[in-house]
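First the structure, in the form of structure tokens, and then the observations on it.
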Amino acid sequence: MKNLFNLEGRTALITGASSGLGKHFAKTLHQAGAFVIISARRTEKLEKLKTELGDKCELFKLDVTSEESVSELKSNIESANLQLDILINNAGTSDPQKFKDLSEESWNYVLETNLNGAFRVAKMATDLMLKNKKGGSIINIASILGQRVGLNLSSYATSKSALIQLTKSMALELARSNIRVNALAPGYILTEINDDFFATEEGQNYIKKIPMNRLGLEEDLDGALLLLSSDASSFMTGSVINIDGGHLINPL
Ligand code: NDP
């Protein structure tokens, strides 16, 4: 049977590829045969990843909060004669604050990165895909916090909830151009950034709320990532796939 998940001949842009999930997504897509364009602000980390991946990889600096930087990325992709087939719109941040203490600066910082930044990159990728006339797949990295709320995360939860609505709106308008737009909504995934926290008593209490009684691992996202990136999901658009060990369905 034809390998439905094969990405040979496809080019994928991954934002926020300098660490955490984005770095893992880049490795996974590369392993499935894609040419990967890795982007983020910390280029020294991207250089390391490029060396690790070897062939079929290009890196471009990107700050999603800057219109100019996103426009520069578009020019770089075009100058390198790369045809964009897949976007993993992953760059994101959080700044946990109690709502009563939340400053406008903190609110704007999170919304500017997670929502406006994701919009900017999605718009740029859509322009390129429409120009290519070959369709494409856009995958927005949302969160289970886009569907439920958590303490001290109002800006983050709001940004991810809006990203889910953006995903569905884009999917509706771009379906006739064969540009599919879906979202992945991970639950708590263990990365180098949060492993210290999850080792604490508070962190362990979070884990107890997850029906599968464990954190997700980066590899747990591979199946859904490859599904949405490849022809295996050719009739899927506007979907939100939760990968959370059942966290969203924990009982009220
Ligand atoms: P990390 O902090 O490890 O990674 C965030 C990435 O985003 C970094 O590569 C960072 O690169 C990049 N980034 C941040 N701000 C900008 C910016 N202004 N311009 C360009 N790139 C930027 O976090 P995770 O890997 O955990 O998170 C990745 C995504 O997954 C986020 O969207 C997050 O909300 C989502 N997510 C994560 C979960 C988890 O449990 N880890 C759960 C659910 C969703 P640099 O600093 O070099 O620019």
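Could you look through the range 180-201, keep only residues that are within 11 Å of the ligand (Cβ to nearest atom) and part of a helix (DSSP H, G or I), and pick out the one that is surrounded by the most Cβ atoms within 10 Å (Cβ to Cβ)? Working first, answer last.
From the range 180-201, those within 11 Å of the ligand (Cβ to nearest atom) are 183-195, 197-198; that's our starting set.
Filter once more, so that each one left must be part of a helix (DSSP H, G or I): 195, 197-198.
Numbers: D195: 11, F197: 13, F198: 15.
Among those that are within 11 Å of the ligand (Cβ to nearest atom) and part of a helix (DSSP H, G or I), it is F198.
Could you list, in sequence order, all residues of the range 124-157 that are within 20 Å of the chain's Cα centre (by Cα), of a type in the set (D, E, K, R) and away from the ligand (no atom under 15 Å from the Cβ)?
If the condition is that a residue be within 20 Å of the chain's Cα centre (by Cα), of a type in the set (D, E, K, R) and away from the ligand (no atom under 15 Å from the Cβ), then D127 is the only one that fits.
Quick check on this structure: which one of K50, K61 is without any contact (Cβ under 8 Å) to a residue 40 or more places away in the chain, of a type outside the set (A, V, I, L, M) and surrounded by fewer than 16 Cβ atoms within 10 Å (Cβ to Cβ)?
From the options K50, K61, the qualifying one is K61.
Any idea which of T167, T158 is surrounded by 13 or more Cβ atoms within 10 Å (Cβ to Cβ), in contact (Cβ under 8 Å) with a residue 24 or more places away in the chain and over 27 Å from A26 (Cβ atoms)?
T158
I'd like to verify a number: residues in the range 214-238 that are part of a loop (DSSP other than H, G, I, E, B) and touching a residue at least 24 places away in the same chain (Cβ under 8 Å), how many?
Residues that pass the stated criteria total 8.
Only one of these conditions is not met by F60: (1) within 23 Å of L174 (Cβ to Cβ); (2) in contact with a Ser or Thr (Cβ under 7 Å, 6 or more places away or on another chain). Which number is it?
(1)
When the range 13-30 is examined, which residues are found to be farther than 22 Å from N76 by Cβ and more than 10 Å from the ligand (Cβ to nearest atom)? Please lay out each step first, then the result.
Step one: list which residues in the range 13-30 are farther than 22 Å from N76 by Cβ, which gives 20-21, 24, 28.
T28 - this is the single residue of the range 13-30 that is farther than 22 Å from N76 by Cβ and more than 10 Å from the ligand (Cβ to nearest atom).
Quick grid of which residues meet (1) modelled with pLDDT under 95; (2) within 20 Å of A185 (Cβ to Cβ); (3) touching a Ser or Thr at 6+ places or on another chain (Cβ under 7 Å):
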| site | (1), (2), (3) |
| --- | --- |
| G20 | no, yes, yes |
| H24 | no, yes, no |
| A34 | no, no, yes |
| I37 | no, no, yes |
| A40 | no, no, yes |
| K50 | no, no, no |
| K74 | no, no, no |
| S79 | no, no, no |
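Taking the conditions exactly as written (farther than 27 Å from F5 by Cβ and either of a type outside the set (S, T, Y) or at pLDDT 95 or above (or both)), does S169 satisfy them or not?
Criteria met by S169.
Taking only the range 36-64 into account, find how many residues are touching a Gly at 6+ places or on another chain (Cβ under 9 Å) and more than 16 Å from G92 (Cα to Cα).
The number of residues fulfilling the criteria is 1.
Which of the residues spanning the range 202-252 are of a type in the set (G, A, S), farther than 15 Å from I86 by Cβ and open to solvent by 30 Å² or more (accessible area, probe 1.4 Å)?
Those that are of a type in the set (G, A, S), farther than 15 Å from I86 by Cβ and open to solvent by 30 Å² or more (accessible area, probe 1.4 Å): G223, S239.
Among the residues of the range 31-46, write down those that are more than 19 Å from T113 (Cα to Cα), open to solvent by 80 Å² or more (accessible area, probe 1.4 Å) and within 16 Å of the ligand (Cβ to nearest atom).
Residues satisfying the conditions are E44, K45.
The values are calculated or read from the model by the stated rules, or taken from the named source; none is laboratory data. All values reported here derive from a predicted model rather than from experimental measurement. Here the Cβ is made from the backbone with ideal geometry for all residues, glycine too, and neighbour counts use every protein chain on show. Heavy atoms of the whole protein, side chains included, go into the accessibility calculation; ligands, DNA and RNA do not. Shrake-Rupley method; radii C 1.70, N 1.55, O 1.52, S 1.80 Å.
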